[in-house]
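Notes to accompany the following structure.
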Amino acid sequence: MTRGRVSRRPDRIRIWRASVTKWQAKAALTFLGLAIMAAVVFATRSIVDELASNETRTVELYAKLLDRSYKQASDDDLLFYVDLTYNSIHFPVIITDKVGSPIYPYKQFMINVDMDTTMSVDAQKQWLIEYIAQMERDYPPLVMKDDQGRVVSRMYYTNSALVQKLKYMPFVEILAVTAFILVGYVAFSTIRRNEESNIWVGMAKEAAHQLGTPLSSMLAWLDILRMDRSNPDRVEQTAREMEQDVQRLNVIANRFAKIGSQPKLESVALASNIERVCAYFETRLPNLGRRVTIARELDPTLSANISIELFEWVIENLIKNAVEAIERNDGRITISMRPRPKGGVIVQVADNGKGMSRQVAQRIFQPGYTTKKRGWGLGLSLSRRIIEDYHGGRIYVKESHVGSGTTFWIELPTV
């Protein structure tokens, strides 16, 4: 029992670490989103404060000029500056008497105040009294005095409509960003769940696809056994072939067990592994109803660091794709090897099948993409992950022409 718990502990550690990493990423994104919102609120608030400050300075200047005009009524230059300042005011201003009551005619003592002038005089006065009280809550009035220091009038003001709108802009931005984040999170979660569901279904179909060849082959061997049961030599030969299929089933199980964990790499000569895969398919292609020749141009001196089971899986996927792409009676698959100029090995898998367009070649390694009526589009995607993530190499379509075939290249780094 103790040994069983110890053997599961690394998996639990990996799951815990993956969970921590996922939550760390979410926390980092949340913090980044909050920081962005805080920066937007701060920037907007700074702009609002600056605009409000400019409006305050303008109205204070206007009040000072009016105050001076009361004391120097004959100064034409001063009156000119009063009119000039008046034209630069773009926010509501009301001038009242010394106690803060509206002065009639009201329209002459208002700037940028949108009041319904069709109301009665009493209704207009009541409306102005309420509006002045609202202005006073925003800013204290400015007092203007005569040359003897007596209060002559008061000036009430408030922010322009633009500043009033900008005051609420940060809250609107926060709501909009929050809604966007929520919608994005829900959409992302939905897409991720769908992808996870598709991956599980795809893996199940890929497993069925992998198991299909040895199972179909074994069924064919069983038929051969029934026909040749009186021939001991044929029975022995068929039993050996069936044993290979059983061993292959075990290999397939080990391959799926290694998905998601870092495989152990070992330096091996690639020719023997490629030959083993080719020989296995060669004896079973007739049972699958295919007339295809697998030619080999292998160099037994070339080696690379590989996981044997996963690398053979990649070669099998390329052979299966080539077989399914061949729709002619003289089908041919050629597997060759050569040294890589930068060090390492290049494995080439070429066929004379139907080929594919450039657009298809660019998407062929995407998970779930397939041009077949049957299949789930995971074979080449898994092959790319095996070669690039686990072996540090490259796999890509070297060339492909519609109607004349496709060539894949696998580049493995030096030992």
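Bear in mind that the values in this text are calculations on the coordinates, not laboratory data. Computed from a predicted model, the values in this text were never measured in an experiment. FYI the Cβ positions are ideal-geometry reconstructions off the backbone, even for glycines, and counts take in every protein chain you see.
Remarks
- Cα principal axis extents for the range 259-412, largest first, Å: 38, 30, 29
- Each other residue within a Cβ distance under 15 Å of MET227 adds +1 if Lys or Arg and -1 if Asp or Glu, for a net charge of -2.
- When each of the peptides 269-282, 312-325 is scored by the mean number of other C-beta atoms lying within 10 Å of its residues, the order from highest to lowest reads 312-325, 269-282.
- C-alpha center-to-center spacing [the range 99-141, the range 277-346] in angstrom: 91 Å
- Local net charge near LYS354, Cβ-Cβ under 10 Å (Lys/Arg +1, Asp/Glu -1): -2
- Listed from fewest to most Cβ neighbours within 10 Å, the set THR118, THR238 follows the order THR118, THR238.
- Residues LEU412, LEU265, LEU34 arranged by fewest to most Cβ contacts within 10 Å: LEU34, LEU265, LEU412
- Sorted ascending by nearby beta carbons within 10 Å, beginning with the fewest, TRP409, TRP221 become TRP409, TRP221.
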